[in-house]
Amino acid sequence: MTRTSRIAALLILLAIAAAAQVLDRIAVLVDGQPILQSEIDDAAWFARLSAHAGCESPLSASELQTAREHLIDDQLLSAARAAAGFPAASDALVETQLDTLRLRAAGNAPWRDQLLACHLDEATVRDLIQRQLTLLAFLDQHFSDAPEAEAAIDGYYKEVFVPQAQAHNLAPAPLDDVRATIAALLRQQQRGSAEAAWLKELRAAARIEIKGGG
């Protein structure tokens, strides 16, 4: 190999290395912990795969931004989980969820082909599922259900349930028949509000640097 050829080969290797660095650049820092652009891409493709939305078209800016924001929340919640000593989801639970995803995807393209189309491999999907299940379980523990106040149940029944039934020309069911359903609905609403408020607090206390990309 001539000196010119060696220089050309070296330049090609440097270009490849630079391209790899760009693909794996740091997109966000959360309290000094990096979120890579490749992680944002994986999360966005996984969302497509989970929704069976197809992976033929490129990811949109909106999809990437949504994935980035979710990963920031995940990073903050993961830090809180680690501080609390909450365990990760078991491999058995992850495998069960992965089997469910495979079954839901059946009938489309073969599973391996779907992963390839979504630029994913099974190890990455397992990691994403484990993080998802772990954080959901952590949130369940953090926001453990409390008995709903009778006043709130009565108020919802009188102010929402009964008027809605009457608006559809239906006779409202007795309160005792729908009490448990209303209590569950109110807990769900409060849980969503509480999670949003906690994440807002975590974000306010964190140092988040957007580096660009996602």
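Worth a mention:
- Residues considered: A61, A20. Of these, the only one that is surrounded by fewer than 17 Cβ atoms within 10 Å (Cβ to Cβ) and modelled with pLDDT under 95 is A20.
- Residue within the stretch 121-128 that is closer than 23 Å to Q37 by Cα, among the hydrophobic types (A, V, I, L, M, F, W, C) and in contact (Cβ under 8 Å) with a residue 24 or more places away in the chain present: yes
- Residue match in the stretch 153-166 (condition: assigned to a strand (DSSP E or B) and either more than 29 Å from S90 (Cβ to Cβ) or in contact with a His (Cβ under 7 Å, 6 or more places away or on another chain) (or both)): no
- Scope the stretch 106-126; condition modelled with pLDDT under 90 and assigned to a helix (DSSP H, G or I); matching residues: none
- Among the candidates A8, A79, the residue that is within 26 Å of A206 (Cα to Cα) and either in contact with an Asp or Glu (Cβ under 8 Å, 6 or more places away or on another chain) or modelled with pLDDT under 95 (or both) is uniquely A79.
- Residue among R191, R207, R203 that is charged (D, E, K, R), within 23 Å of A27 (Cα to Cα) and either in contact with a His (Cβ under 9 Å, 6 or more places away or on another chain) or surrounded by 14 or more Cβ atoms within 10 Å (Cβ to Cβ) (or both): R203
- Looking only at the stretch 135-182, and only at residues there that are among the charged types (D, E, K, R) and either farther than 30 Å from D74 by Cβ or at pLDDT 90 or above (or both), the one that is surrounded by the fewest Cβ atoms within 10 Å (Cβ to Cβ): D176
- Single match in A83, A89 (criterion: among the hydrophobic types (A, V, I, L, M, F, W, C), over 15 Å from D41 (Cα atoms) and exposed (fewer than 12 other Cβ atoms within 10 Å of the Cβ)): A83
- Selection count where residues are in a helix (DSSP H, G or I), in contact (Cβ under 8 Å) with a residue 60 or more places away in the chain and more than 20 Å from E122 (Cβ to Cβ), scope the stretch 31-70: 4
- Filter result (of a type outside the set (K, R), free of Cβ contacts under 8 Å to residues at least 40 places away in the same chain and surrounded by 13 or more Cβ atoms within 10 Å (Cβ to Cβ)) within the stretch 97-108: Q97, L98
The values are calculated or read from the model by the stated rules, or taken from the named source; none is laboratory data. Bear in mind that the values here come from a model prediction, so they are computed numbers and not experimental data. All Cβ positions, even for glycine, are placed from backbone atoms using ideal geometry, and neighbour counts span all protein chains on display.
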